[in-house]
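Here's the structure we're looking at; comments come further down.
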Amino acid sequence: MLFESLDKIKRNAIFSSILLMALGIVILLCPMVYVPTMILGGGYVLLITAIVMMLEFFFGKKMLMSYLKFIGALLIAFIGLAVLVYREDMMKTLAWLFGFLLILDGLRTLLHSFTFARRSKRKGWWVLTILSLCLMVAGVILFLNPWFGDPDALLKVIGGTVLVSAIVSGLRLIWTWPLRNQKEEKENVG
């Protein structure tokens, strides 16, 4: 049971690290001229994702998790529509959205540091706890940021924090994977 949960966490951590790394690099390297196009593309991606999730709900098995995913799809569709309709005011919304995502990622990392990293018996598991608190602080700073007046600086800060979040996701993967104990393996064999 524990290894199945850890395997899911491993897949999610690898996938989220790759996505966050790519997103951070795109945000950092994107010139300000292309930001409106990037925002418009992001809105369409959110809508398409929501439609695919809703179709999976309508044509799949109906379980509790399916209903929760459907509610998530409705939320994603609402956010996608808001991005498309209010794209002129999106810089402040992007800061709030990424701030919220950093706080959630920090909370998830904090939970994993206490439930899995501490049990993995790796040295320095507490570093993951400190990194998760740093992610949450970065999210709060994005909420209250002084960069709203300068969109270019705001994008650089968002891109940098997303890259840091990707690195923390990779470290979470390393620290949450348990070490095999030599004594336990001998007891299981014998």
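List of remarks:
- Too-long pairs where the Cα-Cα distance tops 24 Å, listed order kept, from LYS8/LYS69; LYS8/LYS121; LYS10/LYS61: LYS10/LYS61
- Coordinate range along principal axes, alpha carbons of the chain, Å, largest first: 67, 43, 24
- Computed about its Cα centre, the charge dipole of the chain is approximately 820 debye, with only Lys, Arg, Asp and Glu carrying charge at their Cβ.
- Calculated [θ] (222 nm, deg cm²/dmol) that DSSP helices of n ≥ 4 give over the chain, each run adding -39,500 (n - 2.57): -27500 deg cm²/dmol
- 0 to 90° range, to nearest 10: angle between helix 2-29 axis and the chain longest Cα axis: 30 degrees
- Calculated FRET efficiency for the pair LYS92/THR49, C-beta based, R₀ 30 Å, to 0.05: 0.85
- Among SER66, SER113, LEU28 the positive-end extreme of the charge dipole of the chain (Cβ point charges): SER113
Quick note: the coordinates plus some simple rules give every number you see, no bench work behind them. Fair warning: this is a prediction, and the values are worked out from it, not measured in the lab. Methodologically, a virtual Cβ is constructed for each residue, glycine included, from the backbone with ideal geometry; neighbour enumeration extends over all protein chains shown.
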